[in-house]
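A.B. asks: The structure is given below, and queries will be raised subsequently.
We did not get these values from a lab; they are worked out from the coordinates using the rules stated. Nothing here was measured: the structure is a model prediction, and the numbers come from that model. Every residue, glycine as well, gets a Cβ built from its backbone with ideal geometry; the counts of neighbours run over all protein chains shown.
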Amino acid sequence: MSLRTVPGVAVFGALLFLHGAPAAAQTNLIGYWNPLFHEDVDERIPGPSIGDYLGLPISDAARLRAEAWDASLLSMPEHQCKPHPSTYGFRGVGVLRIWEDRDEDTQQLVKIHTHIAWQEQHREIWMDGRPHPPEYAQHTWQGFSTGSFEGDVLVVKTTHLKAGWMRRNGLPLSDRATMTDRFHRYGDLMTHVMIVEDPVYLTEPLVKTNGFLLQAAGSMTPYPCDPVIEIVRDPGFVPHYMPGQNPFIAEFGEAHGLPREATRGGAATALPEFAETLR
Amino acid sequence: MTAVRRPHASRVTKRCDVLLALVAIAGLAGDAAAQPATPPASPTPPPSPRAAAPIDLTGQWVAIVNEDWRWRMVTPPKGDYASVPLNDEGRRVADQWDPAQDGACEAYGAAALLRLPTRLRVRWDGDAELVVETDAGRQRRNLDFGAPAPAGARSLQGQSTAKWVMPPRPAGGPGLAGAGGGGAARAGGYLEIKTTNLTAGWLRRNGVPYSEDAVVTEYFARFAAPNGDEWLMVTTIVDDPRYLTQRYVTSSHFRREPDGGRWKPKACGAGS
């Protein structure tokens, strides 16, 4: 830098200091966050039971697909290393790490990354105002995400998802699903909200919330995954049940004394008046 | 290395120096000119909590129970306290619950009221108190924005103090009016509530306890879904050194209803 420029820079700096209102402070989400399992513990740690669709606004098509699902599918080499889609990963186990990329010259926020340990679910959230790609662009497990701050809340819109699941007991989501998620920070706690829409498998938006606790000193381990032949099967065999043939569908309701009208789900099963029908 | 003299660049730098200095002087002078000759006679009083509200929480909201369904929509079996961080004493008390107590008002205290399948009606009572009523159990919570009143008798809903947590100001813009005060609201912001002076109650209908030492912190946020639905999200944190080993954190979501229909008040009480 030429010495001649110093006075100008100094004046410019002073000008910024005296007059330059900084950009609105954005909530800092950077760090390692441990998921809290004070809700939906059955689903989120051991895993949901077959036939548990309580409170979920699923369509008949979703129920039909789920009842054809055989958990043995997960032992197939093609499925062993499959990550959760971003519509489900935040409900799973594993530390969440959040960091950001800033332009080195302008220090403007370009991208926020989220990474969940299990199956290395790495998501990129573009913060630079770019549009979503056309519909024919590639669909991925994490989808294409853009974000913005709504006051103190990070709001993210995700499209271009691969067909995945809304619950890991076979309840499907289609590749037409989209998600809006919101990150609300309250001190060392964060409430993450997911609003999932799917014209194929949902009759109304599915809203879910997940709690996280910030770690003062976090860490993350890698999650390498190599598929192997766990069970020798005939070529082309895919584990499944034909409609009406799944023997496990009623087990969950029987174990907890819940009627089939409740366990089969549907938007009405989430409303207070549905509870009245069970008393 | 020999320095290369660049006369043109030097001239430009000089011009920049002068321009910047002029701008700075003009700006500072402008500031000085903007200063009032005398201080204002009286400061503008701060807006009331109602006028300052960054979000509008009023209206009727219905709980959408698609989380913890098995512990919220029906009374779980005795001894089912999965995912509640109870200590040994908490488990001992939970194991004393009698199914004949099902429906008792202990299940409708402030620490767990909003986990129940219920509708909420939220309204202002004056300019400094929000009232939250539930049809489940016919409960009423008063969220006071003023200075904490002297603690009275303990109660199921305790004593709640509330404050708005305002969103960050947009860069370069003037302050904007709140959602309750007309004008454009800043996006974001939430309500923080702290509740103490509680009587002992239950975190679940099957007698999972919290003690009168419990402190409940809640955050109320509102947002719109892409389909236009309006949602209220309540994050609830229960601190109870007597029965819990750590904070118990849940979040419950409610969808706004267009009118007051489907409101079915039902009193609490064992056997209800």
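A.B. asks: Once amide H atoms are placed 1.01 Å from N in the peptide plane, what residues at a sequence separation of 5 or more from A:MET76, or on another chain, have their amide H within under 5 Å of its amide H?
C.D. replies: Sorted by chain and number, the residues that satisfy this come to none at all.
A.B. asks: Given Cα pairs under 8 Å that are at least 6 residues apart, what percent is the relative contact order of chain A? Don't jump to the answer; show the numbers that get you there.
C.D. replies: Numbers: 527 pairs, mean separation 72.8, N = 279.
So the answer I get is 26 percent.
A.B. asks: Between A:ASP175 and A:LEU73, with labels modelled 7 Å along Cα→Cβ, what's the label distance in nm to one decimal, could you check?
C.D. replies: 1.6
A.B. asks: Just report the Cα centroid separation between segment B:105-157 and segment B:198-212, whole Å.
C.D. replies: When both Cα centres are located, 16 Å separates them.
A.B. asks: Could you work out, residue by residue across A:267-277, how many beta carbons of other chains sit within 10 Å of that residue's beta carbon, and then give the average as an integer?
C.D. replies: 6
A.B. asks: Continuing with this model, one more query. Find how much the distance from A:PHE237 to A:VAL110 grows on full extension, using 0.36 nm per residue of separation minus their present alpha carbon separation; answer in nm with one decimal. Could the numbers behind the result be given before it?
C.D. replies: Details: separation 127, 0.36 × 127 = 45.72 nm, distance 4.54 nm.
Full-extension gain reported as 41.2 nm.
A.B. asks: Another question, if that's okay. So which of A:LYS157/A:LYS208; A:LYS82/A:LYS157; B:LYS194/B:LYS264; A:LYS157/B:LYS264; A:LYS111/A:LYS157 end up more than 25 Å apart by C-alpha? Provide the component values of the computation, followed by the final result.
C.D. replies: Working: A:LYS157/A:LYS208 15 Å; A:LYS82/A:LYS157 22 Å; B:LYS194/B:LYS264 28 Å; A:LYS157/B:LYS264 37 Å; A:LYS111/A:LYS157 13 Å.
From A:LYS157/A:LYS208; A:LYS82/A:LYS157; B:LYS194/B:LYS264; A:LYS157/B:LYS264; A:LYS111/A:LYS157, over 25 Å: B:LYS194/B:LYS264; A:LYS157/B:LYS264.
A.B. asks: FRET efficiency for B:ALA100 and B:GLU230, Cβ-Cβ distance as r, R0 = 51 Å, nearest 0.05?
C.D. replies: On the way: r = 40 Å, r/R0 = 0.79.
In this case the efficiency is close to 0.80.
A.B. asks: For chain A, just say rounded, prolate or oblate: build the C-alpha gyration tensor, square-root its eigenvalues into a ≥ b ≥ c, call rounded for a/c under 1.5, and beyond that prolate if a/b exceeds b/c, oblate if not. Can you show the working numbers first?
C.D. replies: Working: a/c = 2.46, a/b = 1.96, b/c = 1.26.
It comes out prolate by the Cα gyration axes.
A.B. asks: What does the structure give for A:202-209 when I average, per residue, the other chain Cβ atoms found within 10 Å of the residue Cβ?
C.D. replies: On the way: counts 0, 0, 5, 7, 2, 11, 5, 10.
Partner-chain Cβ atoms within 10 Å, mean over residues of A:202-209: 5.
A.B. asks: Please give the FRET efficiency for B:GLU192 paired with B:SER155, using the beta carbon to beta carbon distance and R0 = 30 Å, rounded to the nearest 0.05. Walk me through the intermediate numbers first.
C.D. replies: Working: r = 21 Å, r/R0 = 0.69.
Calculated transfer efficiency: 0.90.
A.B. asks: Related question: Mind checking the mean number of beta-carbon atoms from other chains within 10 Å of the Cβ atoms in B:246-252? Could you put the intermediate results ahead of the total?
C.D. replies: On the way: counts 3, 6, 2, 10, 6, 12, 2.
Neighbouring Cβ atoms belonging to other protein chains average 6 per residue here.
A.B. asks: Right, another one. Going through segment A:176-247, which trypsin sites (Lys or Arg not before Pro) have at most 11 other Cβ atoms within 10 Å and a DSSP loop state?
C.D. replies: none
A.B. asks: B:ALA270 to A:ILE45: FRET efficiency via 1/(1 + (r/R0)^6), r the Cβ-Cβ distance, R0 41 Å, to the nearest 0.05?
C.D. replies: On the way: r = 33 Å, r/R0 = 0.81.
That gives a FRET efficiency of 0.80.
A.B. asks: Label points 7 Å out from Cα along the Cβ direction at B:VAL165 and A:HIS122: separation in nm?
C.D. replies: Going by the 7 Å Cα→Cβ label model, 3.2 nm.
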